[in-house]
Amino acid sequence: MPKRTNQTVLETSLMRWEPLAVKNSQGKAWIKTLSKDEENGARTLLIKFDPGFKQEATTSNLPMDMFVLEGGMQYGNLRFEKDTFHYRPGKTQFGPIDSTEGCTRLVFTLGEGRESPAEPVFIQDVKQMSWGADLFDVTAAKRGRKTLRMDEDSGIVVRFHETWELGSRGLQGVQGLHDYQEEYFTLEGAFWDYLEYVDGHMLNVAGSYGCRAPHECSHGDTLTTVVPTRLIFRADYSTSKEPMNVEDAAKKLDDKKSKPHSEGGHIPVVPPDFTE
Ligand SMILES: [Fe+2]
């Protein structure tokens, strides 16, 4: 087997914006591809429109979850601002788009052949939503989550997450392995996270994007070093036996001590083993 290094966390702020051709548009558009599934075409992207960008109304087959990172735009009848979330079903007409100030979005598409709900979701300002339980803090005193979209049929859940306590820890001294696909994008703050690929801890900062395939990419032993830490999570539970909602998952956390790692059990993070 060839030597491999970290394939889990991408520093997207170090990536170059690539030009994006958009039909029936004026102004410039740019793209960064964060992950892709070659088999079904699913992608996670950053898409940026320069100030003054305009696009005529069109129809897309792609079901998409999108979150506005910067700027804003008029999007048909909808107004997108920083912290707007929108789920757009497939086969939907959207636009016209008009962005005076420019707009940067985090975008997740679903692959070919995957079912997705026909009802759109629009949350103009995610900040206005109330906090729900966090996996490691069900009272949401030090860490909290907001569920932006959860669909049991397709197994997709999108969440907004914040940590407010400096030194807050998740899975202290242990690492876990998910049986579902997990993606996250760091909006703000910083935290250390263990990464089995390199027997060490990676600092996640604004722009860090993680993509963990089911049964791969063991991680944990998290330590928050800058607050608030804000993240967008998107998980795909279609392969999973775990509960999708946070309250039920939190109740099962203790079970992980007795389960084998391959079935989602937690194991200790051990110091790197090397003799020169
Ligand atoms: Fe995780």
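The values are calculated or read from the model by the stated rules, or taken from the named source; none is laboratory data. Treat the numbers as computed from the prediction; the structure is a model and nothing was measured. Neighbour counts are summed over all protein chains in view; Cβ atoms, including those assigned to glycine, are modelled from backbone coordinates with ideal geometry.
Just a few scattered comments:
- Restricting the search to strands (runs of 3 or more DSSP E) fully inside region 116-193 and requiring at least 2 residues that are over 24 Å from S218 (Cβ atoms) and within 16 Å of the chain's Cα centre (by Cα) gives 143-151, 156-163.
- Meets criteria (over 29 Å from P214 (Cα atoms), touching a Lys or Arg at 6+ places or on another chain (Cβ under 8 Å) and either touching a residue at least 40 places away in the same chain (Cβ under 8 Å) or of a type in the set (K, R) (or both)) for F85: no
- L106 fulfils the conditions (1) at negative phi; (2) in a loop (DSSP other than H, G, I, E, B) except for a single criterion, (2).
- Residues that are of a type in the set (V, I, T) and within 15 Å of the ligand (Cβ to nearest atom) were ranked within region 155-204; the one that is nearest to N245 (Cα to Cα) is V157.
- For region 1-27, the tally of residues that are in a loop (DSSP other than H, G, I, E, B), closer than 24 Å to G207 by Cα and small (G, A, S) stands at 1.
- Checking each residue of region 255-272 against the condition of being over 17 Å from the mean Cα position of the chain (by Cα), over 22 Å from E196 (Cα atoms) and modelled with pLDDT of 90 or more gives no match.
- One residue stands out among those in region 94-148 that are in contact with a strand residue (DSSP E or B) (Cβ under 6 Å, 6 or more places away or on another chain) and of a type in the set (K, R): the one that is surrounded by the most Cβ atoms within 10 Å (Cβ to Cβ), which is R143.
- For W17, the criteria (1) of a type outside the set (S, T, Y); (2) under 14 Å from the mean Cα position of the chain (by Cα); (3) over 30 Å from P214 (Cβ atoms) hold in every case but one, which is (2).
- Answer residue from region 34-72, given it is in contact (Cβ under 8 Å) with a residue 40 or more places away in the chain and among the acidic types (D, E) and is surrounded by the most Cβ atoms within 10 Å (Cβ to Cβ) among those: D65
- Scan of region 205-256 for residues that are in contact (Cβ under 8 Å) with a residue 40 or more places away in the chain, away from the ligand (no atom under 14 Å from the Cβ) and acidic (D, E), ordered by number: E247
- Cβ-Cβ contacts under 7 Å between residues 6 or more apart (or on different chains), taken from a first residue in region 163-191 that is in the same structural domain as D134 (by TED's automatic domain parsing) and of a type in the set (D, E) to a second residue that is more than 10 Å from the ligand (Cβ to nearest atom) and assigned to a loop (DSSP other than H, G, I, E, B), are listed as E165/K142; D179/P214; D179/H215; D179/S240; D179/K241; D179/E242; D179/G264; E188/A206.
- In region 257-276, the qualifying residues are those that are in contact (Cβ under 8 Å) with a residue 24 or more places away in the chain and of a type in the set (A, V, I, L, M, F, W, C), and the one that is surrounded by the most Cβ atoms within 10 Å (Cβ to Cβ) is V269.
- Sole exception among (1) at pLDDT below 95; (2) touching a helix residue (DSSP H, G or I) at 6+ places or on another chain (Cβ under 6 Å); (3) within 24 Å of D37 (Cα to Cα) for V198, by number: (2)
- Residue count for region 3-33 under the criterion of being free of Cβ contacts under 8 Å to residues at least 40 places away in the same chain, in contact with a helix residue (DSSP H, G or I) (Cβ under 8 Å, 6 or more places away or on another chain) and surrounded by fewer than 16 Cβ atoms within 10 Å (Cβ to Cβ): the result is 0.
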